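**Student:** Right, I'll just put the structure down here and ask away after.
Derivation of every value follows stated rules applied to the coordinates shown; laboratory data play no part. These numbers were taken from a predicted model, which means no experiment stands behind them. Don't worry about glycine lacking a Cβ; one is built from the backbone with ideal geometry, like all the others, and counts go over all protein chains shown.
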Amino acid sequence: MPQKSVNPGSMEIKIDKKSDDLLARIKKTALKKIGPEDTVLVWPNLVYLELIAMMFALAILLFLCLYSPAPLEELASADTTPNPTKAPWYFLGLQELLVFFDPWLAGVVLPSLIMVGLILIPYIDPNPKGKGYYTFSERKFSVIGFSFGLALWYILIVVGVWFRGLDWSWYWPWDDPHMHQPAGAVKLVDLQVILQSTLGLSETPVATLGRYVVSMANLITWGIFVGYYAIGFAIPFLIFRNFYNKLGFVRYNLTMFFFLSMLGVPMKIFLRLLADIKYVLVTPWFNI
Amino acid sequence: MDDLWAYPYRLGIGIFMVVGTFLLTVLFIGFTAWLERDFKKDK
Amino acid sequence: MWELFQRIRSVVNKTQAFKSIFRHGFPNNDGNRALVMFSNIILHLHPVRVRRGALKIKFTWCLGGLTFFFFILLAITGVFLMFYYVPDTNRAYGNIKDLGTVIFFGDLFRSLHRWSAHSMVLFVWLHMTRVFFTGSYKPPREFNWVVGVILLSTTLVLSWTGYLLPWDQLALWAVTVGSKMAEASPLIGKAGPFGAELGMNANNDITFALLGGTVVGQSALLRFYVLHCLALPLVTALFIAIHFWRIRKDGFSGPL
């Protein structure tokens with residue numbers, strides 16, 4: 001198909017009064033008159049407030065500097081590895097995830113998903129209510145979802161900072177932090193091995209794709225993994241159709257993907273913690 | 001049953017994580033709800 | 001005393017030098033209070049008038065402003081620290097030791113730099129939490145939220161690159177943990193999914209690019225130093241400028 005050439009000079013700018021177009025907004029604000037009785041001058045009212053806040057913050061910082069000056073350990077040496085080796089506190093949540101996930105997931109994919117998910121928030125939240133004021137009652141799902149993700153992030157950091165000691169083992173506050181915890185107390189097993197033995201499946205491969213030998217049990221784990229997302233996508237669609245209708249196809253799928261992935265993180269943690277399952281899904285290239 | 005509480009503290013860690021996450025979630029939601037009420041009162 | 005001060009001020013306010021700098025009288029009447037907001041580049045980040053509700057601390061909790069304040073503090077203390085620091089694996093550790101022993105206020109400035117950095121990371125998180133709970137990312141402010149997320153990542157990377165510079169055990173191994181994670185990146189890391197299939201090895205993967213080598217050594221220190229002191233602060237400052245500009249252009253969401 002031949003492309004239509006567009007002459008920028010001939011383009012028309014349409015102003016949609018209902019939308020938040022810049023031009024429309026300028027018109028709106030220009031028309032809106034705010035009486036001087038509703039407003040105050042920024043100088044001195046707000047500027048002084050900010051000055052007080054800054055001085056207050058600086059005072060607290062100076063106090064912290066006296067209370068706990070910047071530490072300096074021994075000279076860096078590749079020969080002696082400290083035990084445990086801890087990342088800065090703001091990354092300890094991710095480092096804690098290393099206990100339950102492979103590094104490519106804990107260190108790369110999950111943080112990337114968090115970043116992309118955060119960026120997408122304004123684009124997948126079509127709720128016009130709750131703009132510019134605190135509200136829980138008018139946007140329960142968003143607030144609960146965000147609070148849950150935030151809680152997960154902080155609890156993992158708390159665990160990494162205060163509950164992990166030698167060999168990255170768990171230490172309660174009453175445990176002696178200088179004693180190593182006993183090693184090798186738990187044997188982790190892949191889900192497909194459990195399925196294979198409990199269901200009595202044959203080990204003969206169903207298919208072979210290069211290095212990838214697909215067994216029946218492996219196929220079932222794929223089913224479970226894909227099924228988790230499939231069922232997760234389907235339930236709100238079938239039961240809360242209103243929720244789907246409000247979001248539309250693209251927003252709904254993005255929201256559900258990120259929501260289910262977020263929910264999947266604690267689920268995977270508990271599978272490994274309480275059910276001793278190492279990987280849900282095993283392939284020659286990556287394990288989940 | 002005893003060994004569930006011994007190292008590696010599987011049950012203890014599990015309960016700690018669930019309770020901790022739950023409490024933090026409630027804290028954040030409660031904070032928002034409190035501010036919602038607080039601002040409505042001021043109006 | 002007060003009268004003397006007033007008299008000196010009224011004289012100073014009329015001098016050519018004062019007028020050339022401030023271009024209006026002392027802000028003790030409403031006209032000049034408006035003009036000071038117009039004519040001062042830093043104060044001009046604000047509007048001249050705000051709604052009465054904006055003075056309520058419980059809406060913003062001053063989180064965004066304080067994050068910016070920490071950034072400024074970091075820039076000031078950072079420049080001071082740069083005077084005494086050479087990014088050389090043989091000298092860096094000694095330089096930091098000197099800050100704590102022989103340089104006046106060296107320890108204070110280093111501690112202040114460190115605490116400001118921790119505070120900035122925490123306050124970026126808290127600020128984002130506040131912005132979420134007040135729904136201030138909703139149209140037409142979506143893009144400013146995106147700029148905010150970019151600032152979140154530059155803040156984290158800034159803090160992380162700064163972690164290496166003291167060249168002590170804490171620094172080396174904290175960064176080693178991070179580079180081990182980068183090694184596991186899908187496609188572009190040698191230990192990540194499909195990395196080996198795409199020909200990634202220790203000499204060409206993402207960790208090599210990050211560290212300038214295969215281990216955390218001299219080239220890694222230099223890279224982190226340049227990123228920490230030059231590249232990332234510039235990028236962050238640019239996005240902060242965009243962030244503030246967009247706040248004014250998109251308008252305040254709340255009672256401001």
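**Student:** DSSP loop (so not H, G, I, E, B), at most 14 other Cβ within 10 Å: list which trypsin sites (Lys or Arg not before Pro) in region C:126-191 pass both filters.
**Tutor:** Answer by residue number: there is no such site.
**Student:** Between region A:157-185 and region C:22-100, what is the C-alpha centre distance in whole Å?
**Tutor:** 41 Å
**Student:** Also, I was wondering about something else. Taking R0 as 56 Å, what's the FRET efficiency between C:Arg248 and A:Ala275 from their Cβ-Cβ distance, rounded to 0.05?
**Tutor:** Working: r = 53 Å, r/R0 = 0.95.
That gives a FRET efficiency of 0.55.
**Student:** Let me ask you something else. What aspartates and glutamates could a cross-link reach from C:Lys56, if we take a straight Cα to Cα line under 15 Å and drop same-chain neighbours fewer than 8 places away?
**Tutor:** A:Asp38, A:Glu50, B:Glu36, B:Asp38, B:Asp42
**Student:** Among all stretches of chain A without exposed chymotrypsin sites (Phe, Trp or Tyr not before Pro) (DSSP loop, at most 12 other Cβ atoms within 10 Å), which one is longest?
**Tutor:** Details: sites that count: A:Trp174, A:Phe240.
Longest site-free region, per DSSP loop and neighbour criteria: A:1-173.
**Student:** To test your reading of the geometry: what angle, between 0 and 90 degrees and rounded to tens, separates the Cα axis of helix B:10-42 from the longest principal axis of chain B?
**Tutor:** Approximately 0 degrees, to the nearest 10.
**Student:** While we're looking at this one, here's another question. Within 10 Å, at most 12 other Cβ atoms, and a DSSP state outside H, G, I, E, B define an exposed site. Report the longest part of chain A free of exposed GluC sites (Glu not before Pro). If you can, show how the numbers build up before the last one.
**Tutor:** Working: sites that count: A:Glu12, A:Glu37, A:Glu74, A:Glu203.
It works out to A:75-202.
**Student:** Hey, another quick one. At 7 Å along the Cα-to-beta-carbon direction for both A:Leu166 and A:Leu238, put a label point, then send me their distance in nm to one decimal.
**Tutor:** That separation, rounded to one decimal, is 5.3 nm.
**Student:** Working from Cα positions, state the angle (0 to 90°, nearest 10) between the long axis of helix C:63-83 and the longest principal axis of chain C.
**Tutor:** With both axes taken from Cα atoms, the answer is about 70 degrees.
**Student:** Order by neighbour count: A:Ile60, A:Ile144, A:Ile114, fewest other Cβ atoms within 10 Å first, most last. Could the numbers behind the result be given before it?
**Tutor:** Working: A:Ile60 12, A:Ile144 16, A:Ile114 19.
Fewest-to-most Cβ neighbours within 10 Å comes out as A:Ile60, A:Ile144, A:Ile114.
**Student:** Shifting gears a bit: Tell me whether chain A comes out rounded, prolate or oblate; compute the Cα gyration tensor, take square roots of the eigenvalues as a ≥ b ≥ c, and use a/c under 1.5 as the rounded threshold. Could you put the intermediate results ahead of the total?
**Tutor:** Numbers: a/c = 2.39, a/b = 1.27, b/c = 1.88.
Oblate shape, in that a/c is at least 1.5 and b/c is the bigger or equal ratio.
**Student:** Here's another thing I want to ask about it. Take region A:187-288, compute every pairwise Cα distance, and split them into 5 Å bins from 0; I just need the percent in each bin.
**Tutor:** 2, 11, 18, 19, 15, 13, 11, 7, 3, 0
**Student:** Moving on. Could you point to the residue in A:Leu150, A:Pro126, A:Leu72 farthest towards the positive end of region A:40-185's charge dipole, with +1 and -1 charges on the Cβ of Lys/Arg and Asp/Glu respectively?
**Tutor:** A:Pro126
**Student:** Let me ask another. For q = 0.05, 0.06, 0.09 Å⁻¹, what log10 I(q)/I(0) does the protein assembly as shown give under the Debye formula with an equal point scatterer on each alpha carbon and no solvent?
**Tutor:** -0.28, -0.41, -0.89
**Student:** In addition: Could you work out the mean count of beta carbons from other protein chains within 10 Å of each residue's beta carbon in C:161-171? List each step's numbers first, then the result.
**Tutor:** On the way: counts 0, 1, 3, 1, 0, 6, 3, 7, 10, 9, 4.
What the average comes to for C:161-171 is 4.
**Student:** Okay, moving on. C:Arg49's amide H: which non-local residues (gap 5+, or another chain) put their own amide H closer than 5 Å, with H modeled 1.01 Å from N in plane and none for Pro or chain starts?
**Tutor:** A:Val42
**Student:** Amide H of C:Gly212 versus every other amide H placed in the peptide plane: which residues, excluding those fewer than 5 positions away on the same chain, fall under 5 Å?
**Tutor:** Answer set, sorted by chain and number: none.
**Student:** For region C:231-237, what does the Karplus curve 6.51 cos²θ - 1.76 cosθ + 1.60, with θ = phi - 60°, yield as ³J(HN,Hα) per residue in whole Hz, taken in order and with x for Gly and Pro?
**Tutor:** Running phi through 6.51 cos²θ - 1.76 cosθ + 1.60 with θ = phi - 60° gives 4, 5, x, 5, 4, 4, 4 Hz.
**Student:** Hey, what do the phi angles of region C:152-168 turn into as Karplus ³J(HN,Hα) couplings, whole Hz, using 6.51/-1.76/1.60 and θ = phi - 60°, x for Gly and Pro?
**Tutor:** Calculated HN-Hα couplings, in order: 4, 5, 5, 4, 5, 5, 4, 4, 5, 5, x, 4, 7, 4, x, 6, 9 Hz.
**Student:** So what is the 222 nm mean residue ellipticity for the protein assembly as shown from helices alone, if each DSSP H run of at least 4 adds -39500 (n - 2.57) and you divide by all residues, rounding to the nearest 500 deg cm²/dmol? Can you show the working numbers first?
**Tutor:** Working: 22 runs with 342 residues, N = 587.
After summing the helix terms and dividing by residue count, I get -19000 deg cm²/dmol.
**Student:** Moving on. Tell me which residues come under 5 Å, amide H to amide H, from A:Ser215 once H is placed; ignore anything under 5 positions away on its chain.
**Tutor:** Result for A:Ser215 returns A:Val206.
**Student:** Can I ask one more? Going by the alpha-carbon gyration tensor, a ≥ b ≥ c the square roots of its eigenvalues, is chain C rounded (a/c under 1.5) or, if a/c is not under 1.5, prolate (a/b greater than b/c) versus oblate? Before the final figure, lay out the partial values.
**Tutor:** Numbers: a/c = 2.89, a/b = 1.61, b/c = 1.79.
Note, shape of chain C comes out oblate.
**Student:** From Cα pairs below 8 angstrom and at least 6 apart in sequence, can you work out the relative contact order of chain A, rounded to a whole percent? Kindly include the intermediate steps, with their values, before the conclusion.
**Tutor:** On the way: 182 pairs, mean separation 52.2, N = 288.
After rounding, I find 18 percent.
**Student:** Please sort by residue number the trypsin sites (Lys or Arg not before Pro) in region C:1-75 whose DSSP state is loop and whose Cβ has at most 10 other Cβ atoms within 10 Å.
**Tutor:** On the way: sites: C:Arg7, C:Arg9, C:Lys14, C:Lys19, C:Arg23, C:Arg33, C:Arg49, C:Arg51, C:Arg52, C:Lys56, C:Lys58; in loops: C:Lys14, C:Arg23, C:Lys56.
Hits after loop and neighbour filter: C:Lys14.
**Student:** Under the Karplus relation 6.51 cos²θ - 1.76 cosθ + 1.60, θ = phi - 60°, what is the ordered set of whole-Hz ³J(HN,Hα) values for region C:99-108, x standing for Gly and Pro?
**Tutor:** With coefficients 6.51, -1.76 and 1.60, one gets 4, x, 10, 10, 9, 4, 6, x, 5, 4 Hz.
**Student:** How would you classify chain B from its alpha-carbon gyration tensor, with a ≥ b ≥ c the square roots of the eigenvalues: rounded for a/c under 1.5, else prolate if a/b is greater than b/c, otherwise oblate? Please report the intermediate quantities before stating the final value.
**Tutor:** Numbers: a/c = 8.87, a/b = 6.77, b/c = 1.31.
In terms of gyration-tensor shape, prolate.
**Student:** Dipole size in debye (nearest 20) for the protein assembly as shown around its Cα centre, Lys and Arg Cβ +1, Asp and Glu Cβ -1?
**Tutor:** Working: 52 positive and 36 negative charges, 681 e Å.
I would put it at about 3280 debye.
**Student:** Could you state the angle between the C-alpha long axis of helix A:110-124 and the longest principal axis of the C-alpha atoms of chain A, as a value from 0 to 90 degrees rounded to the nearest 10?
**Tutor:** Helix A:110-124 and the main axis of chain A meet at about 30 degrees.
**Student:** What ranking of A:Ser147, C:Ser119, C:Ser10 emerges when the number of other C-beta atoms within 10 Å of each C-beta is taken as an exposure proxy, fewest first?
**Tutor:** Working: A:Ser147 24, C:Ser119 21, C:Ser10 11.
Fewest-to-most ranking of A:Ser147, C:Ser119, C:Ser10: C:Ser10, C:Ser119, A:Ser147.
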